[in-house]
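The structure under discussion appears below in the form of structure tokens.
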Amino acid sequence: MRIVVFGRSLGDDRASSVSNLFRLLAGWSTRIQVYEPFWGVIQSVLPDNLPIEPYLNPSEIRGADVMVTLGGDGTLLEAVTHVGASGIPLLGINTGRLGFLTAYSGEELPDAAELFRASLAKTEARMLLELKTSPNPFEPFPFALNELTVHKRDTSSMISIQVKRNQKMLNTYWADGLIISTPTGSTGYSLSCGGPILLPDVPNLVLTPIAPHNLNVRPLVISSNDHLLVRAEARGRAKIMISLDSRSEPVAAVQELSIQKADFNIQLVRRSDHDFLDTLREKLMWGNDKRN
């Protein structure tokens, strides 16, 4: 088995569990590749003489059996840009905070790895959004697993966002921005702005305005097969920000965007003893009575 490990940082309280994980992986005589910047972070806490290969370019991990991410949801979202359309499953280990996308806690590192090795873990396909615009500052990976957001920059005035759905006019939003969310991203930024939660297998998208000028403009659920044409315009010379998950780029004051579902999915490794509703109850504390 060939395993790739991706991360960005490592807390002192996670050093021993990470060390144990790599001992376990090495015991399987697997080929282990580690993202080079992360390798520099964890090298001092790992046993000597482990068969580890640092990698830097995503092309170097093609053909891997699984990518293990160590961190929070932001780390996993960044890892998506490495696996791309390769089909490599992502196994998220949550060493961060809330963690909707990361299936296992830091204490479950060895158990999670063992389940995948024994082919007992399940994978779940998650859709992505694709952005087309010219020039496209997100090339070579203009895709988002959580959401695509068009928003104003810093303290500038609200912006105008005209949206056409399948070539027909939908609405012009006067707002601080607009979130176009996948089901995966419905528990993220969209939720914090009042959007609904979608189950991962629901084939829909959510359009959630950010601080709209018209208070009767509410989040809207559309089909994931819809094609969106978005024209965003800021006043004067103010620039607009476009975000794909955690990546953001400033663009011209008038920007035209074509947005649609990507033609490939990301495979997330999920717990066999835990489903999405379990995660909602746990992370959002549904059903907890604080009076007890």
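Below is a table of values for the structure above.
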quantity	calculated
Test: residue in segment 91-112 that is modelled with pLDDT of 90 or more and in a helix (DSSP H, G or I)	no
All positions within segment 206-260 that are part of a loop (DSSP other than H, G, I, E, B), over 22 Å from Arg126 (Cβ atoms) and polar (S, T, N, Q)	Asn214, Asn216
Sole residue being on the phi < 0 side of the Ramachandran plot, among the β-branched types (Val, Ile, Thr) and within 17 Å of the chain's Cα centre (by Cα), chosen from Thr172, Thr182, Thr208, Thr155	Thr182
Arg117 vs. criteria modelled with pLDDT under 70 and more than 27 Å from Leu280 (Cβ to Cβ)	yes
Total residues in segment 172-201, condition in a strand (DSSP E or B) and crowded, with 17+ Cβ neighbours inside 10 Å	7
Out of Ser224, Ser181, Ser272, Ser246, sole residue that is of a type outside the set (Val, Ile, Thr), within 25 Å of Gly87 (Cα to Cα), assigned by TED's automatic domain parsing to the domain that holds Val66 and in contact with a Leu (Cβ under 7 Å, 6 or more places away or on another chain)	Ser272
Test result for Arg8, closer than 28 Å to Asp278 by Cα, modelled with pLDDT of 80 or more and outside the structural domain of Tyr189 (by TED's automatic domain parsing)	yes
Pair list, Cβ under 6 Å, 6 or more apart: segment 130-150 residue more than 13 Å from Leu205 (Cα to Cα), other residue in a loop (DSSP other than H, G, I, E, B) and aliphatic (A, V, I, L, M)	Phe143/Leu128; Phe143/Ala262
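Residue-wise test of (1) within 18 Å of Thr102 (Cα to Cα); (2) out of contact with any Lys or Arg (no Cβ under 8 Å at 6 or more places or on another chain).
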residue	(1), (2)
Arg8	yes, yes
Ala26	no, yes
Ile52	no, yes
Pro58	no, yes
Gly63	no, no
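The values are calculated or read from the model by the stated rules, or taken from the named source; none is laboratory data. All values reported here derive from a predicted model rather than from experimental measurement. A quick note on method: Cβ atoms are made from the backbone with ideal geometry, for glycine too, and the neighbour counts reach across all protein chains shown.
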